[in-house]
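Please read through the structure below; I'll follow up with questions.
Here, each number is a calculation from the coordinates, and none is a lab measurement. What you see is a predicted model; the values in this text were computed from it and never measured. Heads up, the Cβs are rebuilt from the backbone with ideal geometry, glycines too, and the neighbour counts pull from every protein chain shown.
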Amino acid sequence: MELALHNIDYIIMVVYALFIIGYGLYHAKRKSSEEYFLAGRNMLWPVVGISLFAANISSSTLVGLAGAAYKTDTHVFNYEWLAAVVLVFFAIFFLPFYLKSKVYTMPEFLERRYDKRSRYYFSFIMVVGNVLIDTAAALYVGSIVLQLIFPATPSWVIIVVLAVAAAAYTIPGGLSSVIHTEVIQAILLVIGSIILTYLAFGQVGGWSGMMAGLDAKAAAGEFTNPNTGIVLNSAQEVLSMFRGSGQNWYDFFMGKGQGVDGFMPWTGLLLGAPILGFYFWANNQFMVQRVLGAKDINHGRWGALFAGFLKLPVVFIMVLPGTLAILLYSGVDISGINYQFADGTVCQKLKDCPDATYPVLLFDLLPKGLLGLVLAGLLAAMMSSISATFNSASTLVTMDFFKQLRPNLTSEQLVRIGQIVTLVLVILASAWAPLIAKAGGLWEYLQKVLAYISPPIAAVFIVGLFWKRATATGAFAALMTGFGISIIIVASVIATSGENPNPPAFLEFINNIHFLHQTFYLFAICCIVEVLVSLRTAPPRAEQVENYTWRKALLAEETEELKGLSWYQNYRILSVLLLIATVIVVWIFR
């Protein structure tokens, strides 16, 4: 298979890149810190929803979904449909407190419920997470795609160019530029994915052709995992959202072992995945910042639910293309596309480099002109993700550190500091991105890093909202406990990798626990620590409980507010409809 780009493709990509930078600058808002960091809090629900979707379905997610599906891990879609459920929970319970408090950042909200210690810790973790997870992953994907086009160009050069291009409108324009460009990019990305899926299905003979092809490969024993003993005997099992949980209680506890699906056992889906989803959608500054910019609480809720609805078709237009690649490219020599490993060697077969699945689909199936347009959309999604994380991280550093240290800074000075911080983050993320290639699959990297940092944060948010007795000292103790255990988990990964023949038994035991189970156990430990320490410390102040803790009386107040709205404006009805649609999609792939 050879790479074939025509002049028209290059022209389209260059024109689109210039257009999106100009469009971002046109929508720049930087007169005040509120305009720069939260787009003036004036975003309507369609913009909020599409922006949430675009920020999540970035280039790294798109490439990761296709790569996972190619490895028969089609149940990667569980992360997507779970988002719809989490967003319903978010819209009902957390979003009203976020918007009514008029905070700029999630750590700022945590301070109001607890104290400054929790705020500073969470800010630090969020900035690190933005660099290690969102920004670096997007830059890594950009280097994969562009290196296929320009194989002679070093990956670090490509990463720097992408980072600078995204910063070109993020630094001057702030969140308004980010959101407006995300809307354009999301639309183009979805259209491109639909076209690619249509062409891929055409190659295999439609849905029936896909099912027959997968059944044939299953009958030939090609879907047998020698490490877990999991055997996929049919197309239905390949597409199933739920996989094995082991043969005994120890396997069940570990989430690993004979008969346990190594990618996502159903126990991991039940216990750990919702915690990752809650942190990502309800606590992560990168995502929540878009909702903080909503015009009012209704637009925030409608936007969140709209984003949840947009997640459901992802299985058809972004996951299944990876499954179709199993039938199209299993035995095909792809060395001609110049996909290189971290050590510089060229990948020969797609099974050895699943992160190349989506680019292979693009280059093989799309005609000239259309290939350039879809590649432009993919690169635009990379820029969108990069710019969004730059903006959210700079918001955190500026508002949670600089403004706290120097409260007399003017609005213009805060904007200037945010721009400088963004530039520093560009450099840090560009330096980290090349290291992702050494971490295995992209999707696994994203989820594992998230699993190490999210449980303590999710624990203090959930306990703090639903338990009035939760105290600042209890929350900080939980955060520190979670941080310490996360360090031990990372140490276990390091100790049991490489050439160490005799790692410590304790660390080896920890590393053998599936990361989704680690997520749940860490979350449970942090909740217990917060409860125990809170009970031994003085109760929180009245204003911390009254303004930042959920209570049943709020339901009655909200019911009165909703009486004047039509059914299609009532977020409760919309939430029920979204959950019903989610059940239908999951049932199809049960």
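Residue by residue, what Karplus-based ³J(HN,Hα) values in Hz, rounded to whole numbers, does the stretch 525-531 have, using 6.51, -1.76 and 1.60 with θ = phi - 60° and x for Gly and Pro?
In residue order, the calculated couplings are 4, 5, 4, 5, 4, 4, 5 Hz.
Which ³J(HN,Hα) values in Hz, rounded to whole numbers, follow from the phi angles of the stretch 254-266 under the Karplus curve 6.51 cos²θ - 1.76 cosθ + 1.60, where θ = phi - 60° and Gly and Pro get x?
With coefficients 6.51, -1.76 and 1.60, one gets 7, x, 9, x, 5, x, 9, 5, x, 7, 7, x, 4 Hz.
In whole Hz, what ³J(HN,Hα) sequence does the stretch 275-291 give by Karplus (6.51, -1.76, 1.60; θ = phi - 60°), x for Gly and Pro?
Once θ is set to phi - 60°, the couplings for the stretch 275-291 become 5, 4, x, 5, 4, 5, 8, 10, 10, 6, 4, 3, 8, 5, 4, 5, 6 Hz.
Enumerate the amide H contacts of Val260 below 5 Å, restricted to partners 5 or more residues apart or on another chain; note that Pro and chain-start residues carry no placed amide H.
So Val260 has HN proximity to Gly246.
Students often forget the sequence filter, so: which aspartates and glutamates lie under 14 Å Cα-Cα from Lys448 once same-chain residues fewer than 8 apart are removed?
Asp134
To make sure I understand the rule: partners must be lysines, Cα under 30 Å from the Cα of Lys368, and not fewer than 8 residues away in the same chain. Which ones qualify?
List returned: Lys71, Lys311, Lys349, Lys351.
Mind sorting Val128, Val86 by how few other Cβ atoms lie within 10 Å of their own Cβ, fewest first? Could the numbers behind the result be given before it?
Working: Val128 14, Val86 23.
Lowest count first: Val128, Val86.
Another question about this same structure. Please give the peptides 251-259, 310-318, 573-581 ranked by average Cβ packing (other Cβ atoms within 10 Å per residue), highest first, as a rough proxy for protection. Numbers along the way, then the final one.
Values: 251-259: 18.6, 310-318: 21.4, 573-581: 15.8.
Packing order, densest peptide first, comes out as 310-318, 251-259, 573-581.
Let me ask another. Normalising by the residue count of the stretch 486-590, find the relative contact order in percent from Cα pairs under 8 Å and 6+ residues apart. Each step should come with its number before you reach the end.
Details: 22 pairs, mean separation 13.8, N = 105.
Averaging sequence separation for qualifying contacts and normalising by length gives 13 percent for the stretch 486-590.
Hey, can you grab everything whose amide H is under 5 Å from the amide H of Ala294? Only 5+ residues off in sequence or another chain; H modelled, so Pro and N-termini drop out.
Met43
Moving on. If you count, for each residue, the other Cβ atoms within 10 Å and average over each peptide, how do 282-288, 365-371, 553-559, 467-473 line up from highest to lowest? Mind showing how you got there, number by number?
Numbers: 282-288: 25.0, 365-371: 16.7, 553-559: 10.4, 467-473: 20.3.
Packing order, densest peptide first, comes out as 282-288, 467-473, 365-371, 553-559.
Compute the signed sum of charges (Lys and Arg +1, Asp and Glu -1) over the other residues within less than 14 Å, Cβ to Cβ, of Ala304.
Values: positive: Arg290, Lys295, Arg301, Lys311, Arg572; negative: Asp296.
Charge balance in the 14 Å sphere: +4.
Going by how many other beta carbons lie within 10 Å of each one, how would you line up Trp587, Trp281, fewest first? Write out the running numbers ahead of the final one.
On the way: Trp587 9, Trp281 25.
Ordered from fewest to most neighbouring Cβ atoms within 10 Å, Trp587, Trp281 come out as Trp587, Trp281.
For the residues Ser208, Ser454, what sequence is obtained by ranking on other C-beta atoms within 10 Å, fewest first? Working shown, then result.
Numbers: Ser208 9, Ser454 26.
Exposure proxy ranking, most exposed first: Ser208, Ser454.
To make sure I understand the rule: partners must be lysines, Cα under 24 Å from the Cα of Lys116, and not fewer than 8 residues away in the same chain. Which ones qualify?
Lys100, Lys102, Lys403, Lys468
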